[in-house]
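Chemist: Below you'll find the structure I mean.
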C-alpha cells in the first residue's frame, strides 16, 4: 500500500473508476478532495483534494445559467452576475450540463421524477419519465454520476444548479404529473453532489453562495492525512 501525508487536505472522498471505460462506478466518503492515486487490477482509486492551502474554491455551474441553450426546450436561463463573471475570469467556474454529458439531445421531452426525489432515483426506489411515458431513469442516473465525476476532477467544492430540473433542482422539483405542480426536493445530480460533500445552491441563492465561498476560504484549516 502507498502512503502520502499532506498538509493541505481537509476532507476525503474515494471515487472508483472502471479502467475499461473510465466511468465512475462508486464514490463514497465525506467530500471531494484528492491526495492519493492507487492502482489495482481492475479499478483506479482516486482521492481528490480541493482544499489546498491558498487554493480557491471552484464552482460547478449549470451550462444554461451561463447562457448556453441546452435546456429541455432548447432555451437558456442566463444568470451571469458580476460575481459569477469575476469567478469565470479567475478560472474558477466549471460549466457543465449533466443531461447533455449523458447523451440526451436538445431539445428533449420534459422529464419529471415520479412521486419522489433525486435521492430516491439514485437509490433505485423511483423513476424518471418523459411526458410520453418513456422511462429515462438510467439516462438521468448517468447524468448525475457524470456531474459528480466532473466536479471531482475539476476540484469543485460547490455547485450552482438550475432549480426545478429533475437533474439539477435543489430547492424544488416537479411532482411527476406534468401539470406544473412543484414540490420541495432535489434532482438526481443535486442529491448526489450533496451526498458527496459538495455544497448546492440554486440560481436564487447567489448571495448565500458568495457568502459560502468566502467563508470556506477563510475557515480553511489543514490537517495531515494518512492512507493505509
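Chemist: For the range 131-151, check the following and say yes or no: at least one residue is without any contact (Cβ under 8 Å) to a residue 24 or more places away in the chain, surrounded by fewer than 24 Cβ atoms within 10 Å (Cβ to Cβ) and assigned to a strand (DSSP E or B). Steps first, answer last, please.
Modeler: Just the residues of the range 131-151 that are without any contact (Cβ under 8 Å) to a residue 24 or more places away in the chain, to begin with: 132-133, 135, 137-138.
Add one more test, that the residue is surrounded by fewer than 24 Cβ atoms within 10 Å (Cβ to Cβ), and what stays is 132-133, 135, 137-138.
Checking which are assigned to a strand (DSSP E or B) leaves us with 135.
Within the range 131-151, one or more residues are without any contact (Cβ under 8 Å) to a residue 24 or more places away in the chain, surrounded by fewer than 24 Cβ atoms within 10 Å (Cβ to Cβ) and assigned to a strand (DSSP E or B).
Chemist: Go through the range 152-185 and give me each residue that's touching a helix residue (DSSP H, G or I) at 6+ places or on another chain (Cβ under 9 Å) and surrounded by fewer than 19 Cβ atoms within 10 Å (Cβ to Cβ). Spell out how you get there, then give the answer.
Modeler: Our first condition is that a residue be touching a helix residue (DSSP H, G or I) at 6+ places or on another chain (Cβ under 9 Å); within the range 152-185, this holds for 156-163, 165-171, 173, 185.
171, the sole residue that qualifies.
Chemist: Residues 78, 51, 126, 85: which one is touching a strand residue (DSSP E or B) at 6+ places or on another chain (Cβ under 7 Å) and modelled with pLDDT under 95? Spell out the reasoning first.
Modeler: Numbers: 78 fails: touching a strand residue (DSSP E or B) at 6+ places or on another chain (Cβ under 7 Å); 126 fails: modelled with pLDDT under 95; 85 fails: touching a strand residue (DSSP E or B) at 6+ places or on another chain (Cβ under 7 Å).
Exactly one of 78, 51, 126, 85 is touching a strand residue (DSSP E or B) at 6+ places or on another chain (Cβ under 7 Å) and modelled with pLDDT under 95, namely 51.
Chemist: For the range 194-211, which positions are assigned to a helix (DSSP H, G or I) and under 22 Å from residue 80 (Cα atoms)?
Modeler: Of the residues in the range 194-211, the ones assigned to a helix (DSSP H, G or I) are 194-195, 203-211.
203, 204, 205, 206, 207, 208, 209, 210, 211, listed by residue number.
Chemist: Using beta carbons and a limit of 6 Å, which pairs, at least six apart or on different chains, have the first residue in the range 175-193 and at negative phi and without any contact (Cβ under 8 Å) to a residue 12 or more places away in the chain and the second one assigned to a helix (DSSP H, G or I) and surrounded by 15 or more Cβ atoms within 10 Å (Cβ to Cβ)?
Modeler: none
The values are calculated or read from the model by the stated rules, or taken from the named source; none is laboratory data. All of these numbers come straight from a predicted model, not from anything done at the bench. For neighbour counting, all protein chains shown are included, and Cβ atoms are generated from backbone atoms with ideal geometry for every residue, glycine included.
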